[in-house]
1. Which one is surrounded by the most Cβ atoms within 10 Å (Cβ to Cβ), of the residues in region 60-81 that are part of a loop (DSSP other than H, G, I, E, B) and out of contact with any strand residue (DSSP E or B) (no Cβ under 7 Å at 6 or more places or on another chain)?
2. Could you list, in sequence order, the residues of region 1-37 that are part of a helix (DSSP H, G or I), more than 18 Å from residue 72 (Cα to Cα) and modelled with pLDDT under 95?
3. Restricting to region 31-41, name every residue that is out of contact with any helix residue (DSSP H, G or I) (no Cβ under 8 Å at 6 or more places or on another chain) and surrounded by 14 or more Cβ atoms within 10 Å (Cβ to Cβ).
4. If residue 49 satisfies all but one of (1) in contact with a helix residue (DSSP H, G or I) (Cβ under 8 Å, 6 or more places away or on another chain); (2) under 14 Å from residue 17 (Cα atoms); (3) in a helix (DSSP H, G or I), what's the number of the condition it fails?
5. How many of the residues in region 102-119 are surrounded by 12 or more Cβ atoms within 10 Å (Cβ to Cβ) and farther than 17 Å from residue 79 by Cα?
């Protein structure tokens, strides 16, 4: 599903960056551009370009020390994306997919899965009904 103001590739990049900023902040309490580049395995110029776009959309800002900070809107998107990633990873690993592959596949699916389908999968994962399903 496409957002009106973003194509799917831009949406994925936005969500990946915001999710990564949240993850880094949760681990170390601050986010530098270099940390973001390392986690996403992209160049520093790519981070500079994308963070500029995220600032223009009011998803992030910088603090007095130049650290990246999520705005309320950016945090909401990051939390939603991270929740999708974690639930999908948990689902895939419970089905026997190895952890690394589950992480990779969850990242691919989290951006394109409808909210209705995601909520159904989330309910399944959180209800422990997964063990009772015969595939």
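1. So, considering only residues that are part of a loop (DSSP other than H, G, I, E, B) and out of contact with any strand residue (DSSP E or B) (no Cβ under 7 Å at 6 or more places or on another chain), the one surrounded by the most Cβ atoms within 10 Å (Cβ to Cβ) is 67.
2. Those that are part of a helix (DSSP H, G or I), more than 18 Å from residue 72 (Cα to Cα) and modelled with pLDDT under 95: 8, 9, 10, 12, 13.
3. 32, 38
4. Unmet for residue 49, out of (1) in contact with a helix residue (DSSP H, G or I) (Cβ under 8 Å, 6 or more places away or on another chain); (2) under 14 Å from residue 17 (Cα atoms); (3) in a helix (DSSP H, G or I): (1).
5. Count: 3.
The values are calculated or read from the model by the stated rules, or taken from the named source; none is laboratory data. Computed from a predicted model, the values in this text were never measured in an experiment. With ideal geometry, Cβ positions are generated from the backbone for all residues, glycine too; neighbour counts draw on all protein chains shown.
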